[in-house]
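Undergrad: The structure that follows is given in the form of structure tokens.
Just so it is clear, none of the values below were taken in a lab; they were calculated from the coordinates. None of these values were measured; they are calculated from a predicted model. Cβ atoms come from the backbone with ideal geometry, glycine included; neighbour counts cover every protein chain shown.
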Amino acid sequence: MTKPSAADSGYYLCQAYNYRGSIQSQPAEFKVLNSATIQFSVLTNFSIDWFVIDSNIDTGSAAQRINITDYRVIESALESAINSSSVRIEVDKVSNGLDGSVIKARLFGICTNCDLLNHSLDTIEDEVMDLNDIFHSSLQFINGGISNSEFVVFVSSEVMVRMRVAMASTGNVSIICPPFMRISDEHFFICVSCSPGSYLRNSTCAPCELGHYQDQQGQTSCKKCPSGGTTDMMGSRSIEQCSSAGDITSSSRKSVISAGKITAVVVSTLFVVIGEYCYHQLQ
């Protein structure tokens with residue numbers, strides 16, 4: 001199974017054998033989880049002066065009072081200066097003043113060649129490392145190369161200005177995952193969803209507490225057992241693992257044991273298989 005899909009999720013057995021015979025393991029659950037590659041991110045501030053160079057309006061005082069409402073024109077100008085398809089800029093805020101503007105933006109480094117379906121983990125890791133180099137080179141260019149540079153920007157069909165970056169500064173680079181995902185324990189460059197029976201808490205996957213369960217992946221909380229019921233163990237994955245108040249005191253109920261753990265890692269299109277504990281109800 002080299003490219004598993006969600007349909008391949010289920011319980012599997014391992015078999016060991018030699019010339020004396022064979023033996024099977026307890027069933028272990030094989031779960032396919034949503035995945036994505038990491039992104040690099042950094043917050044950036046620009047101090048910008050605006051100069052009207054072509055306009056049908058009076059260029060006197062208006063040159064110092066241009067209100068930029070279309071942030072994309074700024075994003076495009078900065079992206080063109082960086083000149084990398086792997087770096088994207090999102091402008092968050094523009095504070096317009098009489099002498100210029102202060103722009104708050106965030107840079108994202110996106111691995112455009114990290115195809116989880118058609119590339120091996122080693123190849124994706126190399127791509128992410130290359131992206132890291134490109135991203136940090138872009139930051140060096142921003143800190144040293146963009147300052148005092150000028151760009152022509154069309155504010156509207158009637159107004160064209162020259163944008164001069166007087167100062168640029170950046171914060172610390174961070175590694176981020178898409179919403180409701182965390183960085184894989186096995187591979188720093190892969191983001192995965194929390195598996196059923198757990199939820200995302202402080203960037204890690206925590207098991208559901210007693211009396212709670214979670215039957216879906218990628219969640220930020222667990223569901224409470226109905227009617228005051230509880231569970232025999234943490235990390236319950238189904239409402240069927242919830243016991244009613246009467247069942248809790250029943251002596252006939254036996255313990256739930258861990259059956260095994262899958263440690264292999266397999267990547268497919270937007271999915272990754274990570275280690276999973278499975279549970280088997282003793283009769």
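Undergrad: Using a basic spin-label model with each label point 7 Å from the Cα along Cα→Cβ, how many nm lie between PHE188 and LYS93?
TA: Placing both labels 7 Å beyond Cα along the Cβ direction yields 3.2 nm.
Undergrad: Report the label-to-label distance for ASP130 and ARG106 in nanometres (one decimal), using points 7 Å from each Cα along the Cα→Cβ vector.
TA: 2.7 nm
Undergrad: Taking θ = phi - 60°, what integer Hz values does the Karplus form 6.51 cos²θ - 1.76 cosθ + 1.60 yield along region 81-93, in sequence order, with x for Gly and Pro?
TA: Karplus values, whole Hz, x for Gly and Pro: 5, 5, 6, 9, 6, 8, 10, 10, 10, 10, 7, 9, 7.
Undergrad: Let me ask something else. Measuring from label point to label point, each 7 Å out along Cα→Cβ, what is the ASN83 to THR220 span in nm?
TA: Each label point is offset 7 Å from its Cα along the Cβ direction, giving 4.1 nm.
Undergrad: Amide H of PHE30: which non-local residues (sequence gap of 5 or more, or other chain) have their own amide H closer than 5 Å, using H built in the peptide plane?
TA: For PHE30, the qualifying residues are GLY10, TYR11, TYR12.
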